[in-house]
Amino acid sequence: MKIQLAESYGFCFGVKRAIKIAEENKNSATYGPLIHNANEIDRLKNDFNVALSENINTFKAGDIAVIRTHGIPKQELSLLKSRAVNVVDATCPYVTKPQQICEEMSAQGYDIVIFGDEAHPEIKGVKSYADEHVFVVNSGDEVDLLRLREKVAVVAQTTRKIEEYQEIVGKLMATHKEVRVFNTICNATFDNQDAVRKLSQEADVMIIIGGKNSSNTKQLHSIAKDYCTDSYHIESQDDLQESWFKDKNFCGISAGASTPDWIIDDVIKRIQAISNS
Ligand code: F3S
């Protein structure tokens, strides 16, 4: 069986940057998981003593708090600073951008529409930068239910599909005189998505590697499934099942933006072993 990696996959700029920042801040703690990958979080703990705390009250004056790639709500950032915690910001600059846009557009009197998942940490953070006139929608249908003022500004979660964002923007344009559109979808996501789209048209089985909570990995899996029905989302080699590769000739592989290379290498070795058995 032929095994091929997508042309673009795995760690993005924002995740590489966050890991470097964490490694440079030994004996610290991240507030919330730094990235959506439990294995990498364990490595940072074991090799650099970078702990993980989900509870903001565990941070005391003088502690180092590393802020996760997805960012945190504005109020929590202020709270940490007010307690004299040393805040080291590893928020991805592509996430900081929509935060700033929300703040600025809100101040200018725009209603803010965010296309994303309200429960996702990135969106909780982005939303906190707007005033009370902010609405999160997860689909075009939800846009129909909104009652907005005249001036609307719209941003998207960094990992969303551009086609779905275009649908949402189109609906807002049809009903509002002034719509300010900001393309906040991240290029790293585009590159990995384009590569998966291409590869899954050729492969007869696709393996997408990444954390179960990783939004961009789920998107990659969803695209792969559009073209290749036998597409599977796994976290590590332990999730692989031999039956997936029976009678297959071409296995395509991709990985989400927070999946480290060593996990991908282990998966490839395991698939090679299955294929040769
Ligand atoms: Fe940032 Fe894009 Fe990665 S938003 S964390 S560079 S997927």
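Some observations on this one:
- Counting beta carbons within 10 Å around each of I263, I162, I209 and listing the fewest first gives the order I162, I263, I209.
- Here K198 is the anchor, and the lysines within straight C-alpha reach of less than 30 Å, apart from those fewer than 8 places off in the same chain, are K2, K16, K97, K161, K171, K212, K218, K225, K246, K248, K269.
- Of all DSSP-defined beta bridges confined to the chain, some 0% are antiparallel rather than parallel.
- Dividing the Cα radius of gyration of segment 153-277 by 2.2 N^0.38 Å, with N the residue count, gives 1.25.
- Expressed as a whole percent, the proportion of Cα-Cα pairs in segment 94-181 lying more than 21 Å apart is 19%.
- All Cα-Cα distances of segment 13-92, cut into 10 Å bins from zero to the largest, leave 21, 58, 21, 0 percent in each bin in turn.
- Residues of segment 95-129 with an amide N closer than 15 Å to a point placed 7 Å from the Cα of E142 along the Cα-to-Cβ direction: 112-128.
- What the phi angles of segment 188-205 give under the Karplus curve with 6.51, -1.76 and 1.60, with θ = phi - 60°, is a coupling list of 4, 5, 4, 4, 5, 5, 4, 5, 5, 4, 5, 5, 6, 7, 9, 7, 9, 8 Hz, glycine and proline written as x.
- Segment 1-50, Cα convex hull volume normalised per residue, Å³: 98 Å³
- Here, segment 1-153 has an Rg and a Dmax of 17.9, 58 Å when only alpha carbons are counted.
- Rg and Dmax [Cα atoms of the chain; Å; Rg one decimal, Dmax integer]: 20.3, 64
- Under a Gaussian network description of the chain, with springs only between Cα atoms under 10 Å, the residue in A84, A29, A130 that fluctuates furthest is A84.
- Take the Cα of T96, step 7 Å toward its Cβ, do the same at D265, and the gap between the two points is 3.2 nm.
- With a Förster radius of 41 Å applied to the beta-carbon distance between D230 and A119, the computed FRET efficiency rounds to 0.90.
- Net charge dipole, the chain: roughly 520 debye, given to the nearest 20, about the Cα centre with Cβ charges of +1 for Lys and Arg and -1 for Asp and Glu.
- The GluC sites (Glu not before Pro) of segment 101-209 meeting both criteria, a DSSP state outside H, G, I, E and B (loop) and at most 15 other C-beta atoms within 10 angstrom of the site's C-beta, are E118, E132, E150.
- Where labels lie 7 Å past Cα in the beta-carbon direction, separation of S8 and S222 in nm: 1.9 nm
- Around the amide H of G71, modelled in the peptide plane, lie the amide H atoms of C92, all under 5 Å away and 5 or more residues distant in sequence or on another chain.
Read-outs throughout are calculated quantities, based only on the coordinates presented, and are distinct from any laboratory measurement. Bear in mind the structure is a predicted one, so any value in this text is a computation, not a measurement. As a convention, Cβ positions derive from the backbone with ideal geometry for all residues, glycine included, and neighbour counts pool all protein chains shown.
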